[in-house]
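Have a look at the structure below before the remarks.
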Amino acid sequence: MTRYIVVLSGKGGVGKTTTAVNIGASLNDIGQKVVVIDANIITPNVALQLGLPPRPNNNLNGALKQDYSIFDAVSRHSSGLDVIPAGLSIFGAKNGFSGSMRDALSPLEEKYEIVIMDCGIGLWGSDIKTLNAADEVLIVTNPELPALIDSLKALKMAEKMSVPVRGIILNKVTGSSYELKDETVKGILNNYPIIAKIPFDKNVSKSLGARNPIVLNKPNSPAAHAFKRLAGDLVGEKYKTNIFWKTVNKFRGVS
Ligand SMILES: Nc1ncnc2c1ncn2[C@@H]1O[C@H](COP(=O)(O)OP(=O)(O)OP(=O)(O)O)[C@@H](O)[C@H]1O
Ligand SMILES: [Mg+2]
């Protein structure tokens with residue numbers, strides 16, 4: 001059965017798209033049939049992060065309105081990762097889709113085992129429709145109070161809609177003394193487990209510049225290791241690395 005995983009935050013800019021794209025690229029790399037959907041309809045940037053050409057047509061918005069098949073909206077990254085970009089126009093985004101997102105996406109189940117949806121902040125409008133389509137939610141946040149408080153709202157929205165929250169992805173972790181500790185993070189976020197800690201890593205921005213996910217562009221960087229481990233955990237496959245990188249990561253404190 002196809003799994004629909006929604007990546008949600010509460011606050012903007014915490015790393016949802018980076019997470020969705022890198023989990024997608026990692027799963028694609030280990031042979032999973034995966035598609036990443038840009039469901040952040042108001043401020044989409046999955047295609048931008050991957051350097052895919054803008055698509056005024058053949059995008060998620062048009063497919064939801066049944067202007068064409070959802071398969072016509074699929075773009076392929078050079079790595080082989082399939083992506084469904086959102087439309088470009090904010091006015092188009094508001095137009096004409098009142099149905100169930102899950103029903104509209106269901107033809108994808110013929111082809112894909114995992115559907116990853118990069119959501120907005122998750123508190124209203126199209127984000128609620130996206131949340132409704134989810135089998136599970138990953139909450140991305142940063143170890144800072146404003147991000148945590150906003151993600152608590154997103155978490156409560158998921159709870160209210162009875163969508164299981166798989167756990168918290170703590171992104172841009174520096175390990176500095178003034179950063180909030182894991183126990184504090186869990187305390188604020190209703191004791192949901194922290195399922196990944198992704199280090200702050202300048203290779204993320206470098207990879208953004210290269211229009212290639214960090215797991216492909218800088219596969220041995222600290223954040224790439226953390227994303228690959230997280231992706232493996234999501235599908236029950238232990239992330240394998242050699243003894244050299246195991247030792248380096250231990251030294252770097254990458255979990
Ligand atoms: N682990 C990280 N280390 C360093 N920079 C990061 C990391 N994760 C994300 N970033 C940077 O943070 C910025 C925001 O990331 P991203 O676009 O993924 O966030 P977002 O939550 O999807 O934002 P939005 O709410 O606008 O959709 C980008 O410039 C990205 O390169
Ligand atoms: Mg984003």
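The values are calculated or read from the model by the stated rules, or taken from the named source; none is laboratory data. Computed from a predicted model, the values in this text were never measured in an experiment. Using ideal geometry, Cβ is built from the backbone for each residue, glycine included, and neighbour counts are taken over all protein chains shown. Surface accessibility is based on the protein's heavy atoms, side chains included, excluding ligands, DNA and RNA. Shrake-Rupley method; radii C 1.70, N 1.55, O 1.52, S 1.80 Å.
Here's the picture: charge each Lys and Arg Cβ at +1 and each Asp and Glu Cβ at -1 in the chain, and of Val163, Gly232, Pro107 the one pushed furthest to the positive end of that dipole is Gly232.
Element breakdown for region 3-252 at a 1.4 angstrom probe: carbon and sulfur atoms account for 54% of the accessible area. Summary value for region 59-138: 25 percent relative contact order, contacts being C-alpha pairs under 8 angstrom separated by 6+ residues. Positive contributions from Lys and Arg (+1) and negative ones from Asp and Glu (-1), summed over other residues with Cβ under 10 Å from the Cβ of Ala147, come out at 0. Highest-first packing order for the peptide set 175-185, 17-27, 140-150 is 17-27, 140-150, 175-185, based on the mean count of other beta carbon atoms within 10 Å.
Looking at the chain, what % of its DSSP beta bridges pair antiparallel, to the nearest 5?
Values: 2 of 29 bridges.
Approximately 5 percent, going by the DSSP bridge assignments.
Only Cα sites of the chain enter the Debye sum here, all with the same form factor; the resulting log10 I(q)/I(0) across q = 0.07, 0.16, 0.17 1/Å is -0.22, -1.18, -1.33, listed in q order. Less than 5 angstrom separates the built amide H of Val165 from those of Val137, all sequence-distant by 5 or more or on a different chain.
Could you please report the charge total around Pro85, scoring K, R as +1 and D, E as -1 over all other residues with beta-carbon less than 10 angstrom from its beta-carbon?
For residues surrounding Pro85, the net value is 0.
Taken over the C-alpha atoms, region 131-254 has Rg and Dmax values of 15.3, 45 angstrom. Only alpha carbons enter this Debye calculation for region 43-135, each as an equal point scatterer, and the log10 of I(q)/I(0) it gives at q = 0.11, 0.18, 0.19, 0.24 Å⁻¹ is -0.29, -0.83, -0.94, -1.59.
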